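Quick note: the coordinates plus some simple rules give every number you see, no bench work behind them. In this text the structure is predicted, and so the values were computed from the model without any measurement. Using ideal geometry, Cβ is built from the backbone for each residue, glycine included, and neighbour counts are taken over all protein chains shown.
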Amino acid sequence: MTDIRELHRGETELAAPAMLALRPRWETAGAIVDLIDTRLRPAGYRLAGLFDGEHESAVCVLGFREITTSGWGHVVYVDDLSTLPDARGHGHADRLLSWVEAEARRLGCEALHLDSGVGPDRFAAHRLYMRHHLAIGAHHFHLDL
């Protein structure tokens, strides 16, 4: 049986293994916990985890923010959605995406937004988003500095 719950300050380490699977640039659990708790949470970042009863840490995590922009209005923006490699293929990300959609509706948001990388390693994620009726609505441009 799985359990989805929001992870608060002091529980962020439970999300670290799954977060590092998506964001290896942070290298250590301590670095990702510090980033989330000292820089992201104060800016409104929230974190949800899915627990499978077999692992101590969350097997799938989702980081998101409730924001208002001139272009999108009042939305939930998903920053991070990651499943531990050995826990993939069991519908965990699907359940977390449904959970955050319900949270966005509860908050009275107009939409749910996320960006996704491109390439063959992202095809499974894209299929998940399409199953949840997320449309490709923009190209995201960036410039490394």
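For segment 83-113, give me the residue count where each residue is of a type in the set (S, T, Y) and under 20 Å from I136 (Cα atoms).
1
Can you run down the residue pairs with Cβ atoms below 7 Å, 6 or more apart or on separate chains, where the first is in segment 1-24 and within 20 Å of G117 (Cβ to Cβ) and the partner is assigned to a helix (DSSP H, G or I) and β-branched (V, I, T)?
M19/I32; L20/I32; R23/I32
Among what's in segment 116-129 and is surrounded by 10 or more Cβ atoms within 10 Å (Cβ to Cβ) and small (G, A, S), pick the residue that is farthest from the chain's Cα centre (by Cα).
Restricting to residues being surrounded by 10 or more Cβ atoms within 10 Å (Cβ to Cβ) and small (G, A, S), the top hit is A124.
When segment 100-115 is examined, which residues are found to be of a type outside the set (G, A, S) and surrounded by 14 or more Cβ atoms within 10 Å (Cβ to Cβ)?
Residues satisfying the conditions are V100, E101, E103, C109, L112, H113, L114.
Within segment 73-89, track down each residue that is surrounded by fewer than 15 Cβ atoms within 10 Å (Cβ to Cβ) and either in contact (Cβ under 8 Å) with a residue 24 or more places away in the chain or part of a helix (DSSP H, G or I) (or both).
If the condition is that a residue be surrounded by fewer than 15 Cβ atoms within 10 Å (Cβ to Cβ) and either in contact (Cβ under 8 Å) with a residue 24 or more places away in the chain or part of a helix (DSSP H, G or I) (or both), then G73, H74, P85, D86 are the ones that fit.
When you look at L97, is it assigned to a helix (DSSP H, G or I), under 12 Å from the mean Cα position of the chain (by Cα) and crowded, with 19+ Cβ neighbours inside 10 Å, yes or no?
So L97 passes the test.
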